[in-house]
Amino acid sequence: MQILRKDVNPLLTQIEITIEPSDYVEKFETNLKKYKNKAQIKGFRKGMIPMNTLKKMYGKSLLVDTVYEELNDLFNQYLKEQKINTLGSPLPSEGFEPELNFDLYHYNSFTFHFDVGIVPEYQIAGISE
């Protein structure tokens, strides 16, 4: 995982998050095994589906869910650690299209860019103790 922060102006910052395969592969494999135990597919007993069949049928959607879950966790953790007070929700940066090649047999790294609005510093004048 790699997180880069670029302050554009006092109210806007850009955050780039790169998720490496080492960040999500183990979680994906765990989710796949959990799903294998729950899945009911015609022609197979419950929990006895071959892993390759399960990967072909549901692997891509589980991989996408796992990557986005990991992205969300890393992003929220980074905001808490850096004590960044956001204004609204982070938005994907314009002009940066992530290359989302979700390959089940060759795991890739993914890079996401976000624009984050920051709560401005302010003081209320005219109020005394």
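The values are calculated or read from the model by the stated rules, or taken from the named source; none is laboratory data. What you see is a predicted model, and the numbers here were worked out from it, not measured in a lab. In this analysis, Cβ positions are derived from the backbone assuming ideal geometry, glycine residues included, and neighbour counts consider all displayed protein chains. Accessible surface areas use protein heavy atoms only, side chains included; no ligands, DNA or RNA. Shrake-Rupley method; radii C 1.70, N 1.55, O 1.52, S 1.80 Å.
Here are the numbers for this structure:
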quantity: Check on Y122, farther than 22 Å from Y35 by Cα, part of a loop (DSSP other than H, G, I, E, B) and without any contact (Cβ under 8 Å) to a residue 12 or more places away in the chain; calculated: yes
quantity: Residues that are open to solvent by 70 Å² or more (accessible area, probe 1.4 Å) and closer than 17 Å to P50 by Cβ, drawn from the range 6-34; calculated: K33, K34
quantity: Candidate set from the range 91-118 (those that are out of contact with any helix residue (DSSP H, G or I) (no Cβ under 6 Å at 6 or more places or on another chain) and among the hydroxyl-bearing types (S, T, Y)); member that is most open to solvent (accessible area, probe 1.4 Å); calculated: Y105
